[in-house]
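S.K.: Sharing a structure with you now.
Read-outs throughout are calculated quantities, based only on the coordinates presented, and are distinct from any laboratory measurement. Since this is a predicted model, take the numbers as computed values, not measurements. Note that each Cβ is placed from the backbone with ideal geometry, even for glycine, and that neighbours are counted across all protein chains shown.
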Amino acid sequence: MPGGYAGKFLDVDLSREKVKDTVIDDETLEAYFGGRGLGAKIIWDRIGKKWSKIDGLDPDNIFMALTGPMTGIYPGGRICCTGKSPVSNGTVGSTASTEFAPELKMAGYDGVLVTGKASSPVYILVTDDGGEIRDASHIWGKVGEETIKILNKEVVDSLTEKKPNIGRWREPGTIYIGPAGENMVRNAAVMSKICHAAGYGGYGAVMGSKNLKAIAAKGRGSLPEVFAPEAVKLLWKKVHERSISRDAFRRMGTGYAGWSVGANTSSEPVRNWQEEWHDERSMGGPMFETRYWVKKYWADFNCTVSCMKISCIKSGKWKGDITDMPDYELEAYCGTNFGIFDAGDTIHMSAVIDNLGHSGINGPNTMAFAAELYQRGILKEEDFGFKIEWGDAEAFTKLAWLIAKREKIGDILAEGTYRAAKKIGEMRGVDCMPYAVHVKGIEIGAHGTRSDEDYTHDISYAASVQGGDHTSTASDGFREMTGAVFSDSGVYCNFCSAPTELIFDYAKAITGYHMSIDSWRRWNGPRIITLQRALVLLGGPDVTWEPIKDDDNPPRFYEPLPSGPHKGRTTDRALVESKRATYYETLGWDQRGIPTKETLNRLDLGDVEPSMKKLRK
Amino acid sequence: MATRTDEYKNSGDKMSDPIWIVRDYERCTGCQRCELACSIHHDGWMWPEASRVRVFMPFPGVEVPHLCAQCDDYPCVESCPVDALSVDEKTTAVIVDREACTSCGLCIKACPGDVPTLHPGDNKANICDLCDGDPECVKVCHEAKYDALRLVHESMSKNRKLFARDPIDVAKDIAVKLFGEKGEEVI
């Protein structure tokens, strides 16, 4: 067996209440690596034939929590949540930092595959003794903080009861959903550690659709053996040395960007992206750090970047709220995009969103979309039961709950921005799409393209197989294959990154594969992306994307910026079209972005050809 | 050179360089690199549950590095029915004779802080041996500029035993310090 893998996957059928171990052959592992890549392959093999008939929230969909060979061994261990996305109707590799990932490997599993639907709420416990389905009715409905508190105690108690003599048991690593996921808010997140989320793709809703509240893992084994342990130990030190030298990023994380992305690069969402510039120093890092950061260096397993910081509000009306910094994405989406320019209010909104298990980018995107419809008179006070004005943290708090519980207009907004725009448009006879900021249903991360000053440009989202996902954007169809496509499949944190050569040396030392940067840019990466492209084009059953037309930025991204130093600039449509064409050509897709027969054969994806043939007509 | 507790107590000036690991809980980020370094040193590979220092995390943000406090009266050493535990003269660390250990677990019960474990590999008593005076956990923690674990050259003191506490009790205190009144509810 290649190094870095625990060697088996836990296959759970919740409908039949069956748990078994599954082994995936070495060839498949080498071709798809792990996480995002392997997830796309598994879901294609298992439900590909009836892809367009299965909704992401059907019991037949498979929820997957996958590690990769790098997880835990390379700095910054993450878990990749995947399956058929109920948002993009394709597949998204959605990752979150959590001890759940290394714990799973130390318990002897590379991943958990969950199909079916439990008759009542359950959680899955994975230990060295295997997997176990357990009752979760007592934690169903509980917010994040409560869920962690109860599960940590309960799991430790039962492990202690089982093996009382080996010493004190530690807490398990856990991924879970909040009320949003339980109620199948389509873009809900899979959560961990109160504020870490696998947000893109709506996999929290997938867990909810299966009555699956959480998966906890506790292993007493070592991390899996590797191909060249001495080399790995050296590289481990080397990558950490690099991380440790990044003083400014370690100190600030992304928590200082709440001001600078607006003020410097004019690419921060403000009031549902009506603007992307602001100069509100009240959203600057020091306003968070000096008032609210109670732990200034917080890290996940095997990470020395510690870009995370913990915030707590100790007095005033939001007393007791705990969250991370918040990071830049939530400073934007739970702050400026709500018209909120106050650090305390932003922390409060982040805590609410995280506790409810909304995805911190996607849920608030829908909320701001609703607020703009209210601003324009398309939605009214009676739709919500309250007024929703920009900057009103109390109103946005109520809205977060309304959506999580699917009450009133919240029931429609719980379908995510794109689907809600369609429904409300039909209801009110007004086109709401100009206000829906998404690509292929995936609400866009907090980096605009109009100023062209940020790292996101013309086709970053438009051509991406993961739509609005800011963590995995499209660039040239070549270099990006060793970026997020690789890290999401090896499953480690992008922020623990190192020069590509060093990462590949590390990966080779772990796995023993004959792999190279070149082989990933020419074969493995394109194989994963092409399969993901095929799946998102197949789509269905409720939504099917039209090639080219839907491979585009949202209308708002073509409006001129209304304010700031880059006023008047907007995304260059001609550039989008030409770069998109080049992107498709590079990957061996036809002019509409449908993978050609030759490309599919070259990438060993011949079995995808029949379904692509139909699309080409 | 390891001797039994009473010999150690009578050793007087033979105690050349007693060291101790200070734990500054609030500085711990929860990265668990101390565990990785410990297990790489003792077991040859990354194995957090085999580590002699383990970070408890009963609530996010509340991280408690948990390791031997080297109590002045060494209740674990005293409790061992087969004399498998002894005190290192030089460092004052508890040394386990893995051949002699019968995995009875009495040392775990004797420890006021619930610190020792049975090693997940050989099932023998697993206690911090201070890496013979140069602890790996301290090195990686310092390298990362966290210094949640620091080495001090400090002679035996009754105070050490005050650190031999249940990790969850410690966590409850830290939670209040970090989160104020809210901290009383989270664990």
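S.K.: Please compute the alpha carbon radius of gyration of segment B:66-120, then divide it by the globular-protein estimate 2.2 N^0.38 Å. Two decimals is fine.
M.R.: It is 1.03.
S.K.: Something else about it: Would any residue of segment A:47-85 have its amide N under 19 Å from a label point 7 Å out along Cα→Cβ of A:LYS238? List them or say none.
M.R.: A:70-76
S.K.: Report the dimensions of segment A:220-313 along its three principal axes from the alpha-carbon atoms, largest first, rounded to Å.
M.R.: 52, 28, 26
S.K.: Once you treat every alpha carbon in chain B as an equal point and sum by Debye, what is log10 I(q)/I(0) at q = 0.17, 0.19 Å⁻¹?
M.R.: Listed by q, the Debye log ratios stand at -1.11, -1.36.
S.K.: Also: Taking only the alpha carbons of segment A:70-229, what extent do you get along each of the three principal axes, in Å, biggest first?
M.R.: Here the spans come out as 43, 40, 27 Å, largest first.
S.K.: Return the inverse of the average 1/r over all pairs of distinct C-alpha atoms in segment A:202-358, which is the Kirkwood hydrodynamic radius, in Å to one decimal.
M.R.: 17.7 Å is the Kirkwood radius here.
S.K.: A further question on this structure: How long is the gain from B:ASN159 to B:ASP83 if the chain were fully straight, where each residue apart is worth 0.36 nm and the alpha carbon distance is subtracted?
M.R.: Using 0.36 nm per residue and subtracting the Cα-Cα distance, I get 24.8 nm.
S.K.: What nm value, rounded to one decimal, do you get for the distance between A:ARG16 and A:GLU389 when each label is placed 7 Å out toward the C-beta?
M.R.: Between A:ARG16 and A:GLU389, the simple spin-label model gives 5.9 nm.
S.K.: Compute the distance in nm between two label points, each set 7 Å from the Cα along the Cα-to-Cβ direction, one at B:ASN123 and one at B:ASP73.
M.R.: 3.2 nm
S.K.: Now for a different question. Per residue and in Å³, how big is the convex hull formed by the alpha-carbon atoms of segment A:1-53?
M.R.: Considering the Cα atoms of segment A:1-53, their hull volume per residue is 98 Å³.
S.K.: Please report the base-10 log of the normalised intensity I(q)/I(0) for segment A:465-617, using a Debye sum with one equal scatterer per alpha carbon and no solvent, at each q in 0.11, 0.15 (1/Å).
M.R.: Treating every Cα as an identical point scatterer, log10 I(q)/I(0) equals -0.52, -0.89.
S.K.: Between A:SER578 and A:GLU426, what's the calculated FRET efficiency when r is the beta-carbon distance and R0 is 35 Å? Round to 0.05.
M.R.: 0.50
S.K.: Next question. If segment A:290-365 were replaced by its equivalent ellipsoid, with semi-axes equal to the square roots of 5 times the Cα gyration tensor eigenvalues, what would those be, largest first, whole Å?
M.R.: In descending order the semi-axes read 19, 16, 11 Å.
S.K.: Next question, about the same structure. For chain A, what is the relative contact order in percent, using Cα pairs closer than 8 Å and at least 6 residues apart in sequence?
M.R.: For chain A, the relative contact order is 16 percent.
S.K.: Next question, about the same structure. What's the exposure ranking of A:PHE33, B:PHE179, going from fewest to most Cβ atoms within 10 Å?
M.R.: Placing the least packed residue first, the sequence is B:PHE179, A:PHE33.
S.K.: Order these by the 10 Å Cβ neighbour count, fewest first: A:THR366, A:THR544, A:THR336.
M.R.: With the sparsest Cβ surroundings first, the list reads A:THR544, A:THR336, A:THR366.
S.K.: Looking at segment B:52-133, which GluC sites (Glu not before Pro) are in a loop (DSSP not H, G, I, E or B) and have at most 11 other Cβ atoms within 10 Å?
M.R.: B:GLU99
S.K.: List, in the order given, every pair from A:LYS237/B:LYS124; A:LYS423/A:LYS567; A:LYS149/A:LYS387; A:LYS233/A:LYS508 whose Cα-Cα distance in the structure shown is over 23 Å.
M.R.: The pairs that break the limit, which is 23 Å between Cα atoms, are A:LYS237/B:LYS124; A:LYS423/A:LYS567; A:LYS149/A:LYS387.
S.K.: At q = 0.13, 0.17 Å⁻¹, what log₁₀ I(q)/I(0) does a Debye calculation on the Cα points of segment A:435-555 give, no solvent, two decimals?
M.R.: Debye intensities relative to I(0), on a log10 scale: -0.56, -0.89.
S.K.: I want to check the label-to-label distance for A:GLU225 and A:GLU132. Put each point 7 Å from Cα in the C-beta direction and report it in nm to one decimal.
M.R.: 2.9 nm
S.K.: If the only charges are +1 at each Lys and Arg Cβ and -1 at each Asp and Glu Cβ, what is the size of the charge dipole of chain A around the Cα centre, to the nearest 20 debye?
M.R.: In total the dipole reaches around 600 debye.
S.K.: When the label point is put 7 Å from the Cα of A:GLU598 along its Cα-to-beta-carbon vector, which residues of segment A:463-491 have a backbone N closer than 20 Å?
M.R.: A:477-478
S.K.: So what is Rg over Rh here for segment B:120-187, counting just Cα atoms and using Kirkwood for Rh?
M.R.: 1.05
S.K.: Regarding segment A:493-543, what is the average projected area of its C-alpha convex hull, in nm²?
M.R.: 5.1 nm²
S.K.: Let me know the shape class of segment A:393-456, please: from the alpha-carbon gyration tensor, a ≥ b ≥ c as square roots of the eigenvalues, rounded when a/c is under 1.5, otherwise prolate if a/b is greater than b/c, or oblate.
M.R.: Here segment A:393-456 falls in the oblate category.
S.K.: Can you give me the orientation-averaged projected area of the convex hull built on the Cα atoms of segment A:185-233, in nm²?
M.R.: Over every viewing direction, the Cα hull of segment A:185-233 projects on average to 5.7 nm².
S.K.: If you restrict to DSSP beta bridges whose two residues both lie in chain A, what percentage is antiparallel, to the nearest 5?
M.R.: Of all bridge pairs located within chain A, approximately 80 percent are antiparallel.
S.K.: Using only alpha carbon positions, build the gyration tensor of segment A:1-105, then give the equivalent ellipsoid semi-axes as the square roots of 5 times its eigenvalues, largest first, whole angstrom.
M.R.: For segment A:1-105, the ellipsoid semi-axes come out as 23, 15, 14 Å.
S.K.: What is the mean projected area of the alpha carbon convex hull for the protein assembly as shown, to one decimal in square nanometres?
M.R.: Mean projected area for the protein assembly as shown: 31.5 nm², to one decimal.
S.K.: Which of the aspartates and glutamates could be linked to A:LYS319 by a straight reach, that is with a Cα gap under 18 Å, when you skip same-chain ones fewer than 8 residues away?
M.R.: List returned: A:GLU145, A:GLU146, A:GLU289, A:ASP342, A:ASP345, A:ASP354, A:ASP392, A:GLU394, B:GLU181, B:GLU184, B:GLU185.
S.K.: Calculate the dipole size of segment A:286-350 relative to its Cα centre from +1 charges on Lys and Arg beta carbons and -1 charges on Asp and Glu beta carbons; express the result in debye to the nearest 20.
M.R.: Computed charge dipole of segment A:286-350: roughly 360 debye.
S.K.: On to the next question. Would you list B:CYS104, B:CYS34 from fewest to most Cβ contacts within 10 Å?
M.R.: By the 10 Å Cβ count, ascending, the order reads B:CYS104, B:CYS34.
S.K.: Once you order the gyration tensor axes a ≥ b ≥ c over the Cα atoms, which shape class does segment A:213-254 get: rounded for a/c under 1.5, otherwise prolate or oblate by comparing a/b with b/c?
M.R.: Verdict is oblate for segment A:213-254.
S.K.: On full extension of the chain, what length is gained from A:SER563 through A:HIS514, given 0.36 nm per residue of separation minus the C-alpha to C-alpha distance?
M.R.: Between A:SER563 and A:HIS514, full extension yields 12.5 nm more.
S.K.: Next up: Across the Cα atoms of segment A:164-259, what radius of gyration and what greatest pairwise Cα-Cα distance (Dmax) are found, in Å?
M.R.: For segment A:164-259, the Cα radius of gyration and maximum Cα-Cα distance read 18.8, 53 Å.
S.K.: With only Lys, Arg, Asp and Glu charged, each at its Cβ (+1 for the first two, -1 for the last two), find how big the charge dipole of segment A:176-286 is about the Cα centre; round to the nearest 20 debye.
M.R.: Roughly 600 debye for segment A:176-286.
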